[in-house]
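Undergrad: Questions regarding the structure given below will be posed in turn.
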Amino acid sequence: MPEVDWSRLKAQDLRALADNNAVVILPIASIEQHGPHLPVMTDTRIGQEVALRAARKAYDKRPTVVTPVVWSGLSEHHMPFGGTLTVSHSTFRALLHDLIVSLTRLGFRDILISNSHGGNIIAMQQILDELSEVVDATMVGTTYASEAEPEIGAVLQDQDGVQHAGEAETSMMLVCEPGLVDTSDLTALTNLGDGPSFLKAGRASYRWRPFTHLTGNGVAGVPEKSNADKGEKLLEISAAALAAIITDPETWAAPQDLRGQGIGGVPFRK
Ligand SMILES: [Zn+2]
């Protein structure tokens, strides 16, 4: 299997990948508290693992390469627990803009921004909206936990999907970094929090709140239900979901223009 990790390749290898119209996965994540049992790298490490596995799965159909993870994400809501490094929205936006422009200057045209942190989702979409008309590339944003949600839910016993430092993330970290997971008393950590009230107001309205509103120990979930077998399945399921996006020509196809003759209007990037 060819190397898919950008940082391990040499410049000429990356020039060849650009010439072969490779897809670039640009993972974005966080460094933030993940309860008393998981390291702060959790989202970054899981995002890296899912992206590398996805690139290897896709490679035969479409060469794919994975940049280093952008670990500096939007984590203001986790700051009260300590251990968290966050950046402002403007910094996050500028960083993604500059990295995406770098990729296009190197000749890459299809870019999958692969997010593994809930706090980045809305900003990721906004950034892609803003850049789509000014950057000479097709950009797609994905969050593995959403893209693979039904399959992930079928593996989990006590949770419907990936939640913070719960059954899923703990299981995946038991595969990625087993020496960094403190399994000494996972039972004591179960904390389902208030769920729906976090970041919500009214029936369908938004209010920002810190994560302390949801949980007292920084966990939202059931870490005691974790194990490495489950983690391996979750990583594979998530990577397969991303590989499916990468290898589907529809993902990268130019937008339709259904306006027809004589409608006129404003041109858009194809
Ligand atoms: Zn996480």
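Coordinate-derived values only; no laboratory data. As the structure is a computational prediction, the values presented were derived from the model and not from experiment. All Cβ positions, even for glycine, are placed from backbone atoms using ideal geometry, and neighbour counts span all protein chains on display.
Undergrad: If you add up the charges near residue 70, with Lys and Arg at +1 and Asp and Glu at -1, over every other residue whose beta carbon is less than 13 angstrom from its beta carbon, what do you get?
TA: On the way: positive: 93; negative: 43, 98.
Local net charge: -1.
Undergrad: What's the angle, to the nearest 10 degrees (0 to 90), between helix 121-131's Cα axis and the longest principal axis of the chain?
TA: 10 degrees
Undergrad: Then there is this: How big is Rg to Rh over the stretch 1-125, alpha-carbon atoms, Rh as the Kirkwood inverse-mean-distance radius? Intermediate values should be presented prior to the final figure.
TA: Values: Rg = 15.2 Å, Rh = 15.1 Å.
Here the Rg-to-Rh quotient is 1.00.
Undergrad: What is the local net charge at residue 187, summed over the other residues whose Cβ is closer than 14 Å to its Cβ (Lys, Arg +1; Asp, Glu -1)?
TA: Working: positive: 225; negative: 158, 167, 182, 185, 224.
Within the 14 Å Cβ shell, the charges total -4.
Undergrad: Something else now. Can you pull the semi-axes for the stretch 98-174, root of five times each eigenvalue of the Cα gyration tensor, sorted largest first, whole Å? Spell out each step's value before the answer.
TA: Details: eigenvalues 190, 27, 22 Å².
After scaling each eigenvalue by five and taking roots: 31, 12, 11 Å.
Undergrad: Something else now. Of the beta bridges DSSP finds with both residues in the chain, what % are antiparallel, to the nearest 5?
TA: Numbers: 5 of 22 bridges.
Here the antiparallel bridges make up roughly 25 percent for the chain.
Undergrad: Mind giving me the nanometre distance, one decimal, between the label points for residue 203 and residue 88, set 7 Å out from Cα along Cα→Cβ?
TA: Those two pseudo-labels are separated by 3.8 nm.
Undergrad: Could you give the size of the charge dipole of the stretch 93-219 about its Cα centre, using +1 on the Cβ of each K and R and -1 on the Cβ of each D and E, expressed in debye and rounded to the nearest 20? It would help to have the intermediate numbers written out before the result.
TA: Numbers: 7 positive and 17 negative charges, 106 e Å.
Around 500 debye, computed over the stretch 93-219.
Undergrad: Ok, one more. Note the direction-averaged projected area, equal to a quarter of the hull surface, for the Cα convex hull of the stretch 124-216, in nm².
TA: On the way: hull surface 36.2 nm².
Its Cα hull, projected and averaged over all orientations, spans 9.1 nm².
Undergrad: Does anyone have the angle between helix 89-105 and the longest principal axis of the chain? Alpha-carbon axes, 0 to 90°, nearest 10?
TA: The two axes meet at around 40 degrees.
Undergrad: How far is it, in nm, from the label point at residue 158 to the one at residue 253 when both lie 7 Å from their Cα along the line to the Cβ?
TA: Using points 7 Å along Cα→Cβ, the separation is 4.4 nm.
Undergrad: What whole number of Å gives the distance from the Cα centroid of the stretch 139-173 to the Cα centroid of the stretch 3-57?
TA: 18 Å
Undergrad: A further question on this structure: Mind listing the long-range amide H neighbours of residue 200? Cut-off is under 5 Å, sequence gap 5 or more, other chains count too, H placed in the peptide plane at 1.01 Å from N.
TA: Those lying under 5 Å, H to H, from residue 200 are 207.
Undergrad: Please report the equivalent ellipsoid semi-axes of the chain, computed as sqrt(5 x eigenvalue) of the Cα gyration tensor, largest first, in whole Å.
TA: Details: eigenvalues 215, 102, 60 Å².
Working through the eigenvalues yields semi-axes of 33, 23, 17 Å.
Undergrad: Still on this structure: To the nearest 500 deg cm²/dmol, what mean residue ellipticity at 222 nm is calculated for the chain from DSSP H runs of n ≥ 4 alone, each contributing -39,500 (n - 2.57), summed and divided by the residues?
TA: -11000 deg cm²/dmol
Undergrad: Please work out the FRET efficiency for the pair residue 185 and residue 76, using the Cβ-Cβ distance as r and a Förster radius of 45 Å; give the result to the nearest 0.05.
TA: Values: r = 29 Å, r/R0 = 0.65.
For residue 185 and residue 76, the calculated efficiency is 0.95.
Undergrad: Pairs 57/200; 57/270; 61/230; 61/225; 57/225: which exceed 32 Å Cα-Cα?
TA: Numbers: 57/200 38 Å; 57/270 28 Å; 61/230 28 Å; 61/225 36 Å; 57/225 28 Å.
Distance filter (> 32 Å) returns 57/200; 61/225.
Undergrad: Roughly what would the spin-label model give for residue 19 and residue 232, points 7 Å off Cα along C-beta, in nm?
TA: Inter-label distance under the simple model: 3.9 nm.
Undergrad: Under a GNM of the chain (C-alpha, springs under 10 Å), which listed residue has the highest mean-square fluctuation: 45, 207, 105?
TA: Fluctuation is largest for 207.
Undergrad: Residue-wise, which Karplus ³J(HN,Hα) couplings in Hz belong to the stretch 54-62, taking 6.51 cos²θ - 1.76 cosθ + 1.60, θ = phi - 60°, and x for glycine or proline?
TA: These are the phi-based 3J(HN,Hα) values: 5, 4, 5, 5, 7, 3, 4, 7, 8 Hz.
Undergrad: For the chain, take the longest principal axis of its alpha carbons; what is the angle in degrees between that and the long axis of helix 167-176, to the nearest 10 within 0 to 90?
TA: Rounded to the nearest ten degrees, it is 70.
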